[in-house]
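Have a look at the structure below, then the notes.
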Amino acid sequence: MNEQIDRKDWMGLLAKAPPQALSALVEGLDPPEFDWLRAPEIGSAMVRGRQGGEGVPFNLGEITLTRCSLRLGDGTVGHAYVQGCDKAHAEHAALVDAMMQTEMAPQVTADVLMPLRQQAQARLNARASKAAATKVEFFTMVRGED
């Protein structure tokens, strides 16, 4: 499992992870002590869209999100923004973000990020197979007249 993962990827993975799964994996790490820079707080953000992915941006609506920032004992800072009102989810995501910037990164990658990535892939595969089961094949029969 020497796969490289960049910060953009692990932040997305942490934000989209099921909170219970992330919590269980983080607790198994024996996480370090930290101080809050910004305790978890709940707010909202405007979601923007584009028609067809290319048109003029428009305001689609607001979503609820939770954000926080923390600092480990060695000064490393971790941040998190997660959709919804789950303060523990944001805390665990920020803690993993901070640990990924330290020498603990290989252990965190193997013990937290790879299992989360495998779970995400399994959910994606299950969704794809469920959708594939509803696929209808259409065909045209030639009447033989030219």
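The numbers here are math on the coordinates, done by the rules we state, and not lab data. The structure displayed is predicted, hence computed values, not measured ones. Here the Cβ is made from the backbone with ideal geometry for all residues, glycine too, and neighbour counts use every protein chain on show.
For the chain, what is the convex hull volume of its Cα atoms per residue in Å³?
On the way: hull volume 28.9 nm³, N = 146.
It is 198 Å³ per residue.
Over region 1-71, consider all pairs of different Cα atoms and compute the Kirkwood hydrodynamic radius from their mean reciprocal separation; express it in Å, one decimal. Each step should come with its number before you reach the end.
Working: mean 1/r = 0.0647 Å⁻¹.
In region 1-71 this quantity evaluates to 15.5 Å.
Calculate one ³J(HN,Hα) per residue across region 16-30 by plugging θ = phi - 60° into the Karplus curve 6.51 cos²θ - 1.76 cosθ + 1.60, and present them in order as whole Hz with x for glycine and proline.
My calculation for region 16-30 gives 8, 5, x, x, 5, 5, 5, 4, 5, 5, 5, 5, x, 8, 6 Hz in order.
Applying the Karplus parametrisation 6.51 cos²θ - 1.76 cosθ + 1.60 with θ = phi - 60° to the phi angles of region 129-137, what ³J(HN,Hα) value in whole Hz is obtained for each residue in order, glycine and proline being reported as x?
Working through the residues one at a time gives 5, 5, 5, 5, 5, 9, 5, 10, 9 Hz.
What's the magnitude of the charge dipole for the chain around its Cα centre, counting Lys and Arg as +1 and Asp and Glu as -1 at the beta-carbon? Answer in Debye, nearest 20.
Details: 15 positive and 19 negative charges, 113 e Å.
The dipole of the chain has a size of about 540 debye.
With an 8 Å Cα cut-off and a minimum separation of 6 or more residues, compute the relative contact order for the chain in percent. Don't jump to the answer; show the numbers that get you there.
Values: 198 pairs, mean separation 33.7, N = 146.
Computed value for the chain: 23 percent relative contact order.
Putting +1 on Lys and Arg Cβ atoms and -1 on Asp and Glu Cβ atoms, find which of ALA122, PHE58, PRO19 reaches farthest to the positive end of the dipole of region 7-127.
Result: PHE58, furthest along the dipole toward the positive end.
Relative to the first principal axis of the alpha-carbon coordinates of the chain, what is the inclination of helix 87-99, with its axis defined by its Cα atoms, in degrees from 0 to 90 and to the nearest 10?
Tilt relative to the chain: about 80 degrees.
Which order do peptides 56-66, 7-17 fall in by mean Cβ count within 10 Å, highest first? Don't skip to the end; give the middle numbers.
Working: 56-66: 11.7, 7-17: 16.6.
Ranking the peptides 56-66, 7-17 by packing returns 7-17, 56-66.
Ranked highest first by average number of other Cβ atoms within 10 Å, how do 81-88, 103-110, 30-37, 46-53 line up? Please report the intermediate quantities before stating the final value.
On the way: 81-88: 17.0, 103-110: 15.0, 30-37: 11.8, 46-53: 9.2.
Highest to lowest by the protection proxy: 81-88, 103-110, 30-37, 46-53.
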